[in-house]
Amino acid sequence: MTKTTALFINNHPYAHFDRGGTHILPTSEIEIHMVARQRVHGGVSGFADHPLDHVALCDADDEARWREICEWTLRNHPISRVIAVHERAVLLAAEMRSKFGLAGMDHETATRFRDKVRMKEAVRSAGAAAVPDFAPLDSVEDLAKVDWATGRKVIKSRWGLAAKDLYIVESLEDARRVVGGLDLSGTHYEVEEFVKGQIYHCDSVVRDGRIVFRSVGKYLADPASYRPGSVFGTVLVGEGELHRRITALNAKVLAALGIQDGTTHLELFRTEADELVFCEVAGRPPGGIIPPVIQAQYGFNIVETQIRIDAGLDISLGSAPAAVEGGGTSGFIAFYPGGGDARGIDADRLAALGVVEHLTHSGAGNGRGGVRHSTDFLDSYVVRAPDDEALLHRIARIEAEYRR
C-alpha cells in the first residue's frame, strides 16, 4: 500500500515535536516533505535523531519564499495533504490546499480564524457570542468608528499572535499618537473596546463539524501583560455552570466560523458582571504550555492530534477525555526571562511540589533583557493536584521557591 505524502509547513523548532522521548510526527505512516525555519532560528534542532528525506529551509520572515517553496513542492511531488500547527503556517497551508484542491481547512475558513475583523464579524452576525465594539483600522479617520466615551480601547494587529503588536490606549488622543507610528496600509490593524475581566480559554478537537473534545482553562495573568521577570500560567476549570457556559459559547463560535476538522484555541473574557465576551479564536492547537497541561490531564497530545487530522490519519483522545471533576486537576506556571539573577528549583524538589514536567527554554528573551511575546518563557512547570485549591497552593509554592 502506497503511503500518503504530506507537505509539513513548520514554524516551530523541529525538537518541538519530540515529547518525552516520543517523536509525534507520524513518519512511519506517511512520507513528509518539510519546509522549516533556518538552522539559526532552531528550525532543525533535533533533526539528526528523527531525520526526514525531504527538507527545505528558509528565512522565518520571508513569506514569499515559503510560498514559492511550497508551490514548487506541491507541483513536483505527489502530495495529497498539508500539515500546519503554528499560527504563522496555518493560513499558508490553507492557501496551498485551496490552490491545489487538497483536503483540509480551506483558505476562506482559515481567514475567518486568522483575521480578527472577519472573525468578529462572523461571530456577531451569527449571534454566537457577545463581541466587543470594533472597527477595521486602515486610516486615522477610522478611529472615529468606535465610541470613545466608553473609555479605553485596544489597537492590535488583525493577523497577530502571542499578544504581539497590541497597544492599550486611554483616549482618542493617545490612539492618534500610537497610530502615527504604525503602517496602516494593507488592512493590518483593528481598534476595539477594552474589556475588563478574567480571561479564559477553551481548547477543542473537531471532527466532521462535531466537537469531540473540549477543555476549559483560566489564565493566571493577562497574556498581554508579559514583561521581564513576570509570570504566566493557566489552571483547568472543572465541570460546573461556568464550564457549561463557556463550552456552549465555544460551540456556537466554532459553528459560526465553519470549521469541519481540526483543533481550536478560543479566548474570552468573564466580566465583573459575569458576562462572557468573545475575544478571539485560532484554528490550530493552543500554544505555550497548554498542550502539556492537556496531556497531563487527559492523556493525549493535542498538537499531535492536529498533525494527524491534517495528515488524514485516525486520532486517539487518550485515556481520560472527560472533564476534570473527580479526576484531579492540572495547570502550569511559567517564568519570563529577566528581572534579576538566574533562578530555578532543584530537580529533587519537583515531585514534592506536584510538578509532572519541567520545560526549560534556553532561547527565551530577545538577548537584550526583553520578552518577545506571551509564550517566551524561560522555565515552565506543569503541575497536577487533587483539586483546585491544592493546585493553586502548589503553584504559589513553586513561584515562591523559584524566586528564592
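The values are calculated or read from the model by the stated rules, or taken from the named source; none is laboratory data. Fair warning: this is a prediction, and the values are worked out from it, not measured in the lab. Because the Cβ atoms are built from the backbone with ideal geometry, glycine has one as well, and the counts that use them run over all protein chains shown. Ligands, DNA and RNA are excluded from the accessible area calculation, which covers all protein heavy atoms including side chains. Shrake-Rupley method; radii C 1.70, N 1.55, O 1.52, S 1.80 Å.
With a point put 7 Å past each Cα toward its Cβ, work out how far S316 is from S362 in nm, to one decimal.
Reported label-point gap for S316 and S362 is 3.2 nm.
Can you give me the P(r) profile for the stretch 1-113? Cα pairs, bins 5 angstrom wide beginning at 0, each as a whole percent.
2, 12, 23, 25, 21, 12, 4, 1
Expressed in nm to one decimal, what extension gain is obtained for the pair F100 and H393 from 0.36 nm per residue of sequence separation less their Cα-Cα distance?
Details: separation 293, 0.36 × 293 = 105.48 nm, distance 5.21 nm.
Between F100 and H393, full extension yields an extra 100.3 nm.
Roughly how many nanometres apart are two label points built 7 Å out from the Cα toward the Cβ at K252 and D147?
The two pseudo-label positions are separated by 2.0 nm.
What do you get for Rg/Rh of the chain when both radii come from the Cα atoms and Rh is the Kirkwood radius?
Details: Rg = 21.0 Å, Rh = 22.2 Å.
Checking Rg against Rh, the ratio lands at 0.95.
In a GNM of the chain with a 10 Å cut-off on Cα contacts, which of R308, R97, R210 has the highest mean-square fluctuation?
Answer for the Gaussian network model of the chain: R210.
For W72, what accessible area in Å² do you get when you roll a 1.4 Å probe over the heavy atoms of the protein chains, rounding to the nearest 10?
It works out to around 140 Å².
Any chance you could run the full-extension gain for E401 through V140? It's 0.36 nm times the residue separation minus the Cα-Cα distance, nm to one decimal. Spell out each step's value before the answer.
On the way: separation 261, 0.36 × 261 = 93.96 nm, distance 4.81 nm.
Using 0.36 nm per residue and subtracting the Cα-Cα distance, I get 89.1 nm.
Compute the relative contact order of the chain as a whole-number percentage, counting only Cα pairs closer than 8 Å that sit 6 or more residues apart in sequence. Mind showing how you got there, number by number?
Working: 816 pairs, mean separation 54.7, N = 404.
About 14 percent, as a whole number.
What percent do you get for the relative contact order of the stretch 83-217 when only Cα pairs under 8 Å and 6+ apart count?
Over the stretch 83-217, the number comes to 20 percent.
So between K196 and R244, what do we pick up on full extension, going 0.36 nm a residue minus the alpha carbon distance?
Values: separation 48, 0.36 × 48 = 17.28 nm, distance 2.17 nm.
Separation in residues times 0.36 nm, less the Cα-Cα distance, equals 15.1 nm.
With a point put 7 Å past each Cα toward its Cβ, work out how far R177 is from L57 in nm, to one decimal.
In this crude label model, R177 to L57 measures out at 4.4 nm.
Using the charge dipole of the stretch 351-404 (Lys, Arg: +1 at Cβ; Asp, Glu: -1 at Cβ; taken about the Cα centre), state which of V382, H358, H393 has its Cα farthest towards the positive end.
About the Cα centre, the residue reaching furthest to the positive side is H358.
Projecting each Cα onto the charge dipole of the chain (Lys/Arg +1, Asp/Glu -1 at the beta carbon, about the Cα centre), which of V277, P78, N11 comes out farthest on the positive side?
Value: P78.
Roughly speaking, what is the centre-to-centre gap between the stretch 328-370 and the stretch 14-93 when only Cα atoms are used, to the nearest Å?
Spelled out, the Cα-based centre of one part sits 28 Å from the other.
State the percentage of accessible surface on the chain attributable to carbon and sulfur atoms; use a 1.4 Å probe and exclude ligands, DNA and RNA. Provide the component values of the computation, followed by the final result.
Details: 8300 of 17790 Å².
The computed percentage sits at 47.
Could you do me a favour and compute the accessible area per residue for the chain, 1.4 Å probe, result in Å²?
Values: 17790 Å² over 404 residues.
That works out to 44 Å² per residue.
FRET efficiency for D49 and W72, Cβ-Cβ distance as r, R0 = 30 Å, nearest 0.05? Let's see the in-between values first.
Details: r = 28 Å, r/R0 = 0.92.
The calculated FRET efficiency here is 0.60.
Count the lysine pairs in the chain whose Cα atoms lie under 13 Å apart, taking only pairs 8 or more positions apart in sequence or on different chains. Each step should come with its number before you reach the end.
Details: K116/K156; K120/K252; K145/K153; K153/K196; K156/K164.
Step by step, the pairs that qualify in the chain add up to 5.
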